[in-house]
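Structure record follows, encoded as structure tokens.
The values are calculated or read from the model by the stated rules, or taken from the named source; none is laboratory data. Not measured: the values here are computed from a predicted model. Every residue, glycine among them, receives a Cβ derived from its backbone with ideal geometry; neighbour counts consider all protein chains shown.
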């Protein structure tokens, strides 16, 4: 609190009792300032309100003076702004600029703020939806495209080959096995005979080759080309199964096209007349038909059972 006159504390409500501008001490009005109909400053509680004027009556002197003063001040403020609009005529309030009653341009910016926020929100929602759809599409792709339709293949535009086709047959390699014959269906001689008093043989039986010189089995084969092949024989020798250089064995002589140069075919013990082993011997064949024989020659042990014979590549 400040100190008033004569050292007394100043009354906080003193402004209610002090004379206003243009009023003398004691509440006596003084001359009004120049250019105004009445003083705009009135002491609190001293304002006089006149009776309302009828509709259409001209404004009183106080109203005209106040409007004239306000218009002059507005004109001066407008002229002080570079590039501002032209002054309004006296008595006409100045036109309001953009922004309405919320602070001009500042009010317009605040009005556009919510709209911009709404647009940004819509864009964000669209981006999220697009991202979800893209992820779903990638997943379908990460699953092997199960639902995707196959892409049609474009027809080939490569030009047709101009090379003439050859009529020569392709060269064929020798088959793995050919000329297979069941022994009971082969040509037998010298006492060789069909039997079936054993087990596990193929076909309808097998052939016993006795220890009689000249007993033989002959088959006919068609060789695809001239060359060296192997003759395979499925046999049974009831001698025991042994190992080493002195293994138990029985022999027959191999011949091709009447030539016995291929020597003896060793037929080691199988341990039982029901056990069948395979052995082989190399032979030379001509292209086409060839006769291959197993014969009990002098020096052979013979007395062996033969189930079947065939030709294969040289082993």
Note to self: Just to be sure I understand, how many residues within the stretch 205-219 are part of a strand (DSSP E or B) and out of contact with any helix residue (DSSP H, G or I) (no Cβ under 7 Å at 6 or more places or on another chain)?
What the structure shows: 5
Next item on the list: Being part of a loop (DSSP other than H, G, I, E, B) and either touching a strand residue (DSSP E or B) at 6+ places or on another chain (Cβ under 8 Å) or assigned by TED's automatic domain parsing to the domain that holds residue 202 (or both) narrows it down to one of 307, 300, so name that one.
Entry: 300
Margin query: Any residue at all in the stretch 233-252 that's in the same structural domain as residue 288 (by TED's automatic domain parsing) and within 60 Å of the chain's Cα centre (by Cα)?
Written below: yes
Margin query: Among (1) in contact with a strand residue (DSSP E or B) (Cβ under 9 Å, 6 or more places away or on another chain); (2) at positive phi, there is one condition residue 244 misses while meeting the rest; what is its number?
Written below: (1)
Next item on the list: With respect to residue 223, determine if the residue is farther than 23 Å from residue 262 by Cβ, out of contact with any helix residue (DSSP H, G or I) (no Cβ under 7 Å at 6 or more places or on another chain), in the same structural domain as residue 275 (by TED's automatic domain parsing) and in contact (Cβ under 8 Å) with a residue 60 or more places away in the chain.
Entry: no
Note to self: Given the criteria assigned by TED's automatic domain parsing to the domain that holds residue 198, out of contact with any strand residue (DSSP E or B) (no Cβ under 8 Å at 6 or more places or on another chain) and either surrounded by fewer than 18 Cβ atoms within 10 Å (Cβ to Cβ) or modelled with pLDDT of 95 or more (or both), does residue 260 qualify?
What the structure shows: no
